[in-house]
């Protein structure tokens, strides 16, 4: 049994060594003027590790967003962009469309300012009743900067053979400073942190992705 456990640990270690190697190769692709390919692969890899981090929950978009926010190491990914949330809710059915219209009147923009989630919910509580504020809190992930990554980079790269090297935010501000563009290098830093988190979970208990049932259910 001990020999089996040792062999398994080595397989797990080799898997993550290879994952890191493949992820680091994306830097070479990007440096060789293959930014679109580097970005697409980076987003694909991020998606895989995001789903493992939140398995067995099957909400792909929410898993991606929450993985970036929780483990991506970039505080800006957790900020709320009012326009992103408005657009996401407009694409849904009522009561979300009605709430989107009310948000639009509250945050007419442009320019827009980003908010921490706590500050955004405080703003909502001044104009929405507790029931509607509670509804919006559940779906607030759709308005995070990490959701902009999912909607404007991950989705077109994976589903439409379209990709962009980055997303910029024009006049959007946070704490009186311009919001940084989402670049390949920012995404790559987040990818490496996602891989590190899943590696740590796996090595901690010698189970794939921290829970062997993830592999068994795949």
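Every read-out reported here was derived from the displayed coordinates using simple, explicitly stated rules and does not represent laboratory data. Everything numeric in this text was worked out from a predicted model, so none of it was measured. With ideal geometry, Cβ positions are generated from the backbone for all residues, glycine too; neighbour counts draw on all protein chains shown.
Listing 33, 116 from fewest to most neighbouring C-beta atoms within 10 Å gives 33, 116. Packing-based ranking of 105-112, 149-156 yields 149-156, 105-112, ordered from highest to lowest mean Cβ neighbour count within 10 Å.
Summarise the long-distance tail of P(r) for segment 105-215 by giving the % of C-alpha pairs beyond 16 Å. Within segment 105-215, distances greater than 16 Å cover 72 percent of Cα pairs. Using C-alpha pairs below 8 Å separated by at least 6 residues, the relative contact order for the chain is 29 percent. By the count of neighbouring beta-carbon atoms within 10 Å, fewest first, 71, 25 end up ordered 25, 71.
What is the helix-to-structure angle for 60-71, meaning the angle in degrees between its Cα long axis and the longest Cα principal axis of the chain, kept from 0 to 90 and rounded to the nearest 10? In the chain, helix 60-71 runs at an angle near 80 degrees to the longest axis.
Against the main long axis of the alpha-carbon atoms of the chain, helix 2-31 sits at an angle near 50°.
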